[in-house]
Amino acid sequence: MSSSAQFLNASEAAGRLGVSAKALRLYEQRGLIAPIRTAAGWRAYGPVEMSRGAEIAALRALGFSLAQVARVLEGDSRGMEPALAAHQAALESRLRQLVGVIEKIGSLRDDLARGEAPSAGELAHLLAPEATLSVAFDLPWPWGGERFELGHIRPLNYIIGPLGSGKTRLAQRLAETLPDAAFLGLDRLANGCAAALARVDAGPALRSRVDQTLAWLVEDGAAVSDALIALLAGLEAEGPAILVVDMIEQGLDHASQEALIAHLRRRGPGGRPLFLLTRSCAILDLAAVGTDEAIILCPANHSPPTCVARYPGTPGYEAVATCLASSEVRARTDGVIAWRPRGRMKGHQV
(Lines give C-alpha, C1' and ligand atoms only; values in the text may rest on other atoms or scores of the structure.)
Protein backbone atom coordinates (compact mmCIF):
# COMPACT_ATOMS: atom_id res chain seq x y z
CA MET A 1 0.00 0.00 0.00
CA SER A 2 1.55 3.25 -1.09
CA SER A 3 -0.27 5.41 1.46
CA SER A 4 0.21 3.08 4.41
CA ALA A 5 -0.01 6.01 6.84
CA GLN A 6 -3.74 6.17 6.09
CA PHE A 7 -4.24 2.57 7.19
CA LEU A 8 -4.40 1.13 10.71
CA ASN A 9 -3.90 -2.40 11.93
CA ALA A 10 -6.69 -4.12 13.90
CA SER A 11 -5.38 -3.04 17.31
CA GLU A 12 -4.99 0.59 16.24
CA ALA A 13 -8.40 0.65 14.56
CA ALA A 14 -10.10 -0.85 17.62
CA GLY A 15 -8.45 1.78 19.83
CA ARG A 16 -9.57 4.64 17.60
CA LEU A 17 -13.12 3.31 17.49
CA GLY A 18 -13.30 2.58 21.21
CA VAL A 19 -14.13 -1.11 20.73
CA SER A 20 -12.19 -4.32 21.30
CA ALA A 21 -10.28 -6.15 18.56
CA LYS A 22 -12.66 -9.04 19.20
CA ALA A 23 -15.61 -6.78 18.36
CA LEU A 24 -13.96 -5.78 15.08
CA ARG A 25 -13.53 -9.45 14.16
CA LEU A 26 -17.18 -10.07 15.01
CA TYR A 27 -18.26 -7.20 12.75
CA GLU A 28 -16.20 -8.74 9.96
CA GLN A 29 -17.66 -12.21 10.54
CA ARG A 30 -21.18 -10.77 10.26
CA GLY A 31 -20.29 -8.98 7.00
CA LEU A 32 -20.66 -5.49 8.47
CA ILE A 33 -17.11 -4.38 7.68
CA ALA A 34 -14.49 -5.65 5.23
CA PRO A 35 -10.93 -4.65 6.11
CA ILE A 36 -8.30 -4.56 3.39
CA ARG A 37 -5.65 -7.28 3.44
CA THR A 38 -1.96 -6.44 3.13
CA ALA A 39 0.39 -8.47 0.96
CA ALA A 40 1.32 -10.40 4.10
CA GLY A 41 -2.35 -11.11 4.86
CA TRP A 42 -2.77 -8.68 7.76
CA ARG A 43 -6.03 -6.76 8.19
CA ALA A 44 -5.78 -3.02 7.45
CA TYR A 45 -8.41 -0.36 8.04
CA GLY A 46 -8.41 2.72 5.83
CA PRO A 47 -10.65 5.82 5.90
CA VAL A 48 -13.62 3.98 4.35
CA GLU A 49 -13.40 1.08 6.79
CA MET A 50 -12.93 3.40 9.75
CA SER A 51 -15.98 5.43 8.75
CA ARG A 52 -18.07 2.25 8.55
CA GLY A 53 -16.61 1.05 11.85
CA ALA A 54 -17.57 4.32 13.55
CA GLU A 55 -21.15 3.94 12.32
CA ILE A 56 -21.33 0.37 13.62
CA ALA A 57 -19.88 1.34 17.00
CA ALA A 58 -22.37 4.21 17.33
CA LEU A 59 -25.32 1.97 16.49
CA ARG A 60 -24.13 -0.65 18.99
CA ALA A 61 -23.89 2.07 21.64
CA LEU A 62 -27.53 2.89 20.90
CA GLY A 63 -28.43 -0.71 21.76
CA PHE A 64 -28.92 -2.14 18.26
CA SER A 65 -28.29 -5.84 17.75
CA LEU A 66 -25.86 -6.85 15.00
CA ALA A 67 -28.76 -7.87 12.77
CA GLN A 68 -30.41 -4.49 13.35
CA VAL A 69 -27.12 -2.74 12.59
CA ALA A 70 -26.97 -4.58 9.28
CA ARG A 71 -30.52 -3.50 8.41
CA VAL A 72 -29.88 0.13 9.37
CA LEU A 73 -26.75 0.22 7.21
CA GLU A 74 -28.88 -1.03 4.33
CA GLY A 75 -31.53 1.64 4.95
CA ASP A 76 -34.06 -0.71 6.57
CA SER A 77 -35.78 0.85 9.63
CA ARG A 78 -37.24 -2.39 11.05
CA GLY A 79 -36.45 -2.86 14.74
CA MET A 80 -35.35 0.73 15.33
CA GLU A 81 -38.19 1.73 17.64
CA PRO A 82 -37.62 -0.73 20.55
CA ALA A 83 -33.85 -0.17 20.47
CA LEU A 84 -34.29 3.61 20.55
CA ALA A 85 -36.93 3.31 23.30
CA ALA A 86 -34.54 1.27 25.46
CA HIS A 87 -31.76 3.80 24.88
CA GLN A 88 -34.11 6.66 25.75
CA ALA A 89 -35.03 4.92 29.02
CA ALA A 90 -31.34 4.53 29.90
CA LEU A 91 -30.67 8.19 29.15
CA GLU A 92 -33.66 9.27 31.23
CA SER A 93 -32.31 7.21 34.15
CA ARG A 94 -28.94 8.96 33.86
CA LEU A 95 -30.70 12.32 33.59
CA ARG A 96 -32.50 11.68 36.87
CA GLN A 97 -29.13 10.87 38.46
CA LEU A 98 -27.66 14.12 37.09
CA VAL A 99 -30.60 16.13 38.40
CA GLY A 100 -29.95 14.63 41.83
CA VAL A 101 -26.26 15.61 41.62
CA ILE A 102 -27.18 19.16 40.55
CA GLU A 103 -29.53 19.47 43.52
CA LYS A 104 -26.81 18.26 45.92
CA ILE A 105 -24.34 20.77 44.47
CA GLY A 106 -26.89 23.56 44.84
CA SER A 107 -27.44 22.59 48.48
CA LEU A 108 -23.69 22.60 49.17
CA ARG A 109 -23.35 26.04 47.54
CA ASP A 110 -26.14 27.34 49.76
CA ASP A 111 -24.29 25.97 52.80
CA LEU A 112 -21.06 27.55 51.57
CA ALA A 113 -22.79 30.94 51.19
CA ARG A 114 -23.81 30.67 54.86
CA GLY A 115 -20.20 30.02 55.82
CA GLU A 116 -20.64 26.26 56.21
CA ALA A 117 -17.90 24.61 54.15
CA PRO A 118 -18.68 21.08 52.90
CA SER A 119 -16.51 18.26 54.19
CA ALA A 120 -14.24 16.21 51.95
CA GLY A 121 -16.63 13.29 52.38
CA GLU A 122 -19.61 15.31 51.15
CA LEU A 123 -17.66 16.42 48.09
CA ALA A 124 -16.43 12.89 47.41
CA HIS A 125 -20.00 11.57 47.44
CA LEU A 126 -21.32 14.09 44.95
CA LEU A 127 -21.10 11.61 42.10
CA ALA A 128 -22.03 8.55 44.15
CA PRO A 129 -25.35 6.84 43.36
CA GLU A 130 -28.24 7.94 45.55
CA ALA A 131 -28.71 4.44 46.96
CA THR A 132 -25.37 2.65 46.90
CA LEU A 133 -25.93 -1.01 47.69
CA SER A 134 -23.26 -2.75 49.75
CA VAL A 135 -22.82 -6.01 51.62
CA ALA A 136 -20.56 -7.36 54.39
CA PHE A 137 -20.41 -10.79 56.05
CA ASP A 138 -18.05 -13.39 57.52
CA LEU A 139 -16.79 -15.76 54.86
CA PRO A 140 -17.84 -19.43 54.97
CA TRP A 141 -15.55 -22.44 54.55
CA PRO A 142 -12.95 -22.80 52.92
CA TRP A 143 -12.01 -19.39 54.31
CA GLY A 144 -11.26 -18.91 57.97
CA GLY A 145 -14.14 -16.62 58.85
CA GLU A 146 -12.47 -13.52 57.38
CA ARG A 147 -14.69 -10.52 56.77
CA PHE A 148 -15.80 -9.85 53.20
CA GLU A 149 -17.06 -6.39 52.24
CA LEU A 150 -18.31 -5.12 48.91
CA GLY A 151 -18.89 -1.40 49.15
CA HIS A 152 -20.44 -0.65 45.78
CA ILE A 153 -22.49 -3.31 44.02
CA ARG A 154 -22.54 -2.70 40.28
CA PRO A 155 -25.18 -3.72 37.71
CA LEU A 156 -22.79 -6.48 36.52
CA ASN A 157 -20.53 -8.27 39.01
CA TYR A 158 -18.39 -11.20 37.91
CA ILE A 159 -17.26 -13.89 40.36
CA ILE A 160 -14.28 -15.81 39.03
CA GLY A 161 -11.68 -18.21 40.33
CA PRO A 162 -10.05 -21.53 39.53
CA LEU A 163 -11.94 -24.76 40.08
CA GLY A 164 -12.29 -25.50 43.78
CA SER A 165 -11.56 -21.93 44.87
CA GLY A 166 -14.87 -21.52 46.71
CA LYS A 167 -16.58 -19.13 44.31
CA THR A 168 -19.87 -21.05 44.44
CA ARG A 169 -19.92 -20.87 48.24
CA LEU A 170 -19.22 -17.15 48.05
CA ALA A 171 -22.07 -16.73 45.56
CA GLN A 172 -24.49 -18.67 47.74
CA ARG A 173 -23.57 -16.60 50.79
CA LEU A 174 -24.10 -13.42 48.76
CA ALA A 175 -27.57 -14.64 47.76
CA GLU A 176 -28.36 -15.42 51.42
CA THR A 177 -27.07 -12.09 52.74
CA LEU A 178 -28.14 -9.52 50.14
CA PRO A 179 -31.68 -8.17 50.56
CA ASP A 180 -34.26 -9.68 48.20
CA ALA A 181 -31.69 -11.77 46.32
CA ALA A 182 -32.08 -15.17 44.64
CA PHE A 183 -29.58 -17.84 43.58
CA LEU A 184 -30.04 -19.27 40.07
CA GLY A 185 -28.16 -22.55 40.28
CA LEU A 186 -27.23 -25.25 37.79
CA ASP A 187 -30.36 -27.17 38.77
CA ARG A 188 -31.98 -25.06 36.05
CA LEU A 189 -30.42 -27.59 33.62
CA ALA A 190 -31.68 -30.70 35.43
CA ASN A 191 -33.76 -33.25 33.48
CA GLY A 192 -33.25 -31.39 30.22
CA CYS A 193 -34.29 -28.06 31.79
CA ALA A 194 -37.78 -29.49 32.32
CA ALA A 195 -38.75 -27.38 35.34
CA ALA A 196 -37.59 -24.10 33.80
CA LEU A 197 -39.26 -24.82 30.46
CA ALA A 198 -42.51 -25.75 32.22
CA ARG A 199 -42.41 -22.50 34.17
CA VAL A 200 -42.04 -20.53 30.94
CA ASP A 201 -44.91 -22.41 29.28
CA ALA A 202 -47.17 -21.86 32.30
CA GLY A 203 -46.62 -18.10 32.53
CA PRO A 204 -47.79 -16.01 29.54
CA ALA A 205 -46.08 -12.85 30.83
CA LEU A 206 -42.80 -14.68 31.43
CA ARG A 207 -43.09 -16.39 28.05
CA SER A 208 -43.50 -13.02 26.36
CA ARG A 209 -40.40 -11.57 28.03
CA VAL A 210 -38.33 -14.67 27.30
CA ASP A 211 -39.42 -14.73 23.66
CA GLN A 212 -38.62 -11.04 23.22
CA THR A 213 -35.13 -11.41 24.71
CA LEU A 214 -34.52 -14.65 22.83
CA ALA A 215 -35.37 -12.99 19.52
CA TRP A 216 -32.89 -10.21 20.30
CA LEU A 217 -30.16 -12.70 21.20
CA VAL A 218 -30.72 -14.74 18.05
CA GLU A 219 -30.30 -11.59 15.97
CA ASP A 220 -26.96 -11.12 17.71
CA GLY A 221 -25.84 -14.63 16.78
CA ALA A 222 -27.10 -16.79 19.66
CA ALA A 223 -28.31 -20.35 19.06
CA VAL A 224 -31.69 -21.29 20.54
CA SER A 225 -31.27 -24.04 23.13
CA ASP A 226 -33.08 -25.36 26.20
CA ALA A 227 -30.12 -24.18 28.31
CA LEU A 228 -30.50 -20.63 27.02
CA ILE A 229 -34.28 -20.61 27.55
CA ALA A 230 -33.83 -21.99 31.09
CA LEU A 231 -31.33 -19.23 31.85
CA LEU A 232 -33.63 -16.54 30.45
CA ALA A 233 -36.50 -17.94 32.54
CA GLY A 234 -34.47 -17.01 35.60
CA LEU A 235 -33.14 -13.71 34.29
CA GLU A 236 -36.55 -12.51 33.14
CA ALA A 237 -38.52 -13.70 36.16
CA GLU A 238 -40.11 -11.00 38.27
CA GLY A 239 -39.41 -10.80 41.97
CA PRO A 240 -35.80 -10.81 43.17
CA ALA A 241 -34.12 -7.41 43.26
CA ILE A 242 -30.71 -9.09 42.87
CA LEU A 243 -29.83 -12.29 41.04
CA VAL A 244 -26.78 -14.50 41.59
CA VAL A 245 -26.23 -16.86 38.63
CA ASP A 246 -24.11 -20.00 38.87
CA MET A 247 -21.87 -20.56 35.80
CA ILE A 248 -23.93 -18.43 33.46
CA GLU A 249 -22.22 -19.89 30.36
CA GLN A 250 -23.17 -23.50 31.17
CA GLY A 251 -24.67 -25.18 28.10
CA LEU A 252 -24.20 -22.15 25.82
CA ASP A 253 -21.91 -21.99 22.81
CA HIS A 254 -19.42 -19.16 22.36
CA ALA A 255 -21.63 -17.06 20.07
CA SER A 256 -24.58 -17.35 22.46
CA GLN A 257 -22.39 -16.23 25.36
CA GLU A 258 -21.21 -13.17 23.43
CA ALA A 259 -24.77 -12.26 22.49
CA LEU A 260 -25.94 -12.77 26.08
CA ILE A 261 -23.34 -10.54 27.72
CA ALA A 262 -23.91 -7.83 25.10
CA HIS A 263 -27.61 -7.94 25.98
CA LEU A 264 -26.92 -7.71 29.72
CA ARG A 265 -24.63 -4.73 29.18
CA ARG A 266 -27.34 -2.92 27.23
CA ARG A 267 -29.45 -2.72 30.40
CA GLY A 268 -27.36 0.25 31.52
CA PRO A 269 -26.64 1.47 35.06
CA GLY A 270 -30.27 1.14 36.14
CA GLY A 271 -30.42 -2.62 35.58
CA ARG A 272 -31.06 -5.14 38.35
CA PRO A 273 -27.69 -6.07 39.92
CA LEU A 274 -26.41 -9.42 38.69
CA PHE A 275 -23.63 -11.57 40.13
CA LEU A 276 -22.35 -13.90 37.42
CA LEU A 277 -20.15 -16.88 38.22
CA THR A 278 -18.04 -17.54 35.15
CA ARG A 279 -14.80 -18.89 33.76
CA SER A 280 -15.62 -17.90 30.19
CA CYS A 281 -13.54 -15.42 28.20
CA ALA A 282 -16.70 -14.66 26.20
CA ILE A 283 -18.70 -13.64 29.27
CA LEU A 284 -15.81 -11.87 31.00
CA ASP A 285 -13.93 -10.16 28.18
CA LEU A 286 -11.34 -8.17 30.12
CA ALA A 287 -10.93 -5.74 27.23
CA ALA A 288 -14.64 -4.89 27.31
CA VAL A 289 -15.33 -4.53 31.06
CA GLY A 290 -16.96 -1.16 31.72
CA THR A 291 -17.27 1.20 34.67
CA ASP A 292 -20.61 -0.35 35.69
CA GLU A 293 -18.99 -3.76 36.14
CA ALA A 294 -16.92 -5.33 38.92
CA ILE A 295 -14.67 -8.40 39.05
CA ILE A 296 -14.46 -10.48 42.25
CA LEU A 297 -11.60 -12.99 42.33
CA CYS A 298 -11.54 -16.08 44.56
CA PRO A 299 -7.82 -16.96 44.66
CA ALA A 300 -6.57 -20.53 44.33
CA ASN A 301 -4.89 -20.49 47.74
CA HIS A 302 -8.17 -19.63 49.49
CA SER A 303 -7.08 -16.14 50.38
CA PRO A 304 -10.14 -13.93 50.93
CA PRO A 305 -11.96 -12.90 47.73
CA THR A 306 -10.92 -9.52 46.42
CA CYS A 307 -12.11 -7.00 43.85
CA VAL A 308 -9.81 -6.71 40.85
CA ALA A 309 -9.50 -3.57 38.73
CA ARG A 310 -10.03 -3.95 35.00
CA TYR A 311 -6.61 -2.64 34.00
CA PRO A 312 -3.60 -4.83 33.07
CA GLY A 313 -0.90 -4.79 35.70
CA THR A 314 -3.20 -4.20 38.65
CA PRO A 315 -3.15 -6.70 41.56
CA GLY A 316 -5.02 -9.87 40.65
CA TYR A 317 -5.47 -9.03 36.97
CA GLU A 318 -3.19 -11.79 35.70
CA ALA A 319 -4.81 -14.31 38.04
CA VAL A 320 -8.22 -13.42 36.59
CA ALA A 321 -6.89 -13.72 33.03
CA THR A 322 -5.45 -17.16 33.84
CA CYS A 323 -8.86 -18.38 35.05
CA LEU A 324 -10.63 -17.49 31.84
CA ALA A 325 -11.03 -20.29 29.35
CA SER A 326 -12.58 -20.91 25.96
CA SER A 327 -15.63 -23.14 25.50
CA GLU A 328 -13.38 -25.96 24.26
CA VAL A 329 -11.12 -25.83 27.32
CA ARG A 330 -14.11 -25.75 29.69
CA ALA A 331 -15.53 -28.84 27.98
CA ARG A 332 -12.27 -30.71 28.59
CA THR A 333 -12.14 -29.70 32.28
CA ASP A 334 -15.83 -30.16 33.09
CA GLY A 335 -16.15 -32.00 36.38
CA VAL A 336 -12.51 -31.50 37.38
CA ILE A 337 -12.04 -29.88 40.78
CA ALA A 338 -9.11 -28.38 42.60
CA TRP A 339 -7.52 -30.48 45.32
CA ARG A 340 -5.19 -29.88 48.22
CA PRO A 341 -2.37 -32.47 48.19
CA ARG A 342 -1.35 -33.98 51.53
CA GLY A 343 2.08 -34.57 52.91
CA ARG A 344 5.05 -32.45 51.98
CA MET A 345 3.47 -30.81 48.91
CA LYS A 346 2.00 -27.35 49.40
CA GLY A 347 -0.60 -25.32 47.54
CA HIS A 348 -3.41 -26.32 45.20
CA GLN A 349 -3.58 -28.05 41.88
CA VAL A 350 -6.09 -26.35 39.61
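In debye, nearest 20: dipole of the chain around its Cα centre with unit charges on the Cβ of K, R (+) and D, E (-)? Mind dumping the intermediate values first?
Values: 36 positive and 37 negative charges, 190 e Å.
Dipole magnitude for the chain comes out near 920 debye.
How do the peptides 214-227, 102-115 rank, highest first, by the average count of neighbouring beta carbon atoms within 10 Å per residue?
With the highest mean Cβ count within 10 Å placed first, the list reads 214-227, 102-115.
Taking amide H positions as placed in the peptide plane 1.01 Å from N, state which residues far from ALA294 in sequence (5 or more) or on other chains have amide H under 5 Å from it.
LEU156, ASN157, TYR158
Place a +1 charge on the Cβ of each Lys and Arg in the stretch 1-135 and a -1 charge on the Cβ of each Asp and Glu, then give the dipole magnitude about the Cα centre in debye, rounded to the nearest 20.
Working: 15 positive and 14 negative charges, 130 e Å.
The calculation lands at about 620 debye.
Using a 1.4 Å probe on the protein chains only, how many percent of the accessible area of the stretch 216-274 belongs to carbon and sulfur? Each step should come with its number before you reach the end.
On the way: 1010 of 1810 Å².
That share works out to 56 percent.
Report, to the nearest whole %, how much of the accessible area of the stretch 15-151 belongs to carbon and sulfur atoms, 1.4 Å probe, protein only.
Working: 4790 of 8440 Å².
Roughly 57 percent of what the probe reaches on the stretch 15-151 is carbon or sulfur.
For the chain, treating each Cα as an identical point scatterer without solvent, what Debye log10 I(q)/I(0) comes out at q = 0.08, 0.09, 0.12, 0.13 1/Å?
-0.48, -0.60, -1.02, -1.16
Taking 0.36 nm per residue of separation and subtracting the Cα-Cα distance, what length does fully extending PHE137 through VAL224 add?
Details: separation 87, 0.36 × 87 = 31.32 nm, distance 3.87 nm.
Stretched out fully, the PHE137 to VAL224 stretch lengthens by 27.4 nm.
Averaged across orientations, what area in nm² does the convex hull of the alpha carbons in the stretch 44-161 project?
14.3
Report the equivalent ellipsoid semi-axes for the stretch 1-72 in whole Å, largest first, defined as the square roots of five times the eigenvalues of the gyration tensor built from alpha carbon atoms. Please list the in-between numbers first.
Working: eigenvalues 96, 27, 21 Å².
They are 22, 12, 10 Å, listed largest first.
Lys and Arg at +1, Asp and Glu at -1: add these up for the other residues within a Cβ distance under 10 Å of CYS298 and post the number.
That works out to +2.
With Cβ to Cβ distances under 15 Å as the rule, what net charge do the other residues near LEU108 carry (K, R +1; D, E -1)? Walk me through the intermediate numbers first.
Working: positive: LYS104, ARG109, ARG114; negative: GLU103, ASP110, ASP111, GLU116, GLU122.
So the surrounding residues net to -2.
Mean Kyte-Doolittle hydropathy of -0.5 or higher plus an axial Cα length of 30 Å or more: which whole DSSP H helices in the chain meet both? Don't skip to the answer; put the middle values down first.
On the way: long enough: 80-113 (49 Å, 0.11).
Those that pass (Cα extent of 30 Å or more, hydropathy at least -0.5) are 80-113.
Using the heavy atoms of the protein chains alone and a 1.4 angstrom probe, what is the accessible area of the chain per residue in square angstrom?
Here the residues of the chain average 52 Å² of exposed surface.
What are the ³J(HN,Hα) values, in whole Hz, obtained from phi via the Karplus relation 6.51 cos²θ - 1.76 cosθ + 1.60 with θ = phi - 60°, for each residue of the stretch 178-189 in sequence order, with x given for Gly and Pro?
For the stretch 178-189, the Karplus-derived couplings read 5, x, 6, 10, 9, 9, 9, x, 6, 5, 4, 9 Hz, x marking Gly and Pro.
Would you mind pulling out the separation of the Cα centroids of the stretch 66-109 and the stretch 156-187, in Å?
If we compute the Cα centre of each part, the gap is 31 Å.
Using the Cα atoms as the points, what is the convex hull volume per residue of the stretch 173-238 in Å³?
97
Report P(r) for the stretch 120-244: all Cα-Cα distances, bin width 5 Å, range 0 to the bin holding the largest distance, values in whole percent.
Result, from short to long distances: 2, 9, 15, 17, 16, 14, 12, 9, 4, 2, 1, 0 percent.
Using only helices, what value at 222 nm comes out for the chain when you add -39,500 (n - 2.57) per DSSP H run of length 4 or more and divide by the total residues, to the nearest 500 deg cm²/dmol? Mind dumping the intermediate values first?
Details: 13 runs with 155 residues, N = 350.
Theoretical 222 nm ellipticity from helices: -13500 deg cm²/dmol.
The values are calculated or read from the model by the stated rules, or taken from the named source; none is laboratory data. Because the structure is a prediction, the values reported are computed rather than measured. Methodologically, a virtual Cβ is constructed for each residue, glycine included, from the backbone with ideal geometry; neighbour enumeration extends over all protein chains shown. Heads up: the accessible areas ignore ligands, DNA and RNA and are worked out on the full protein's heavy atoms, side chains in. Shrake-Rupley method; radii C 1.70, N 1.55, O 1.52, S 1.80 Å.
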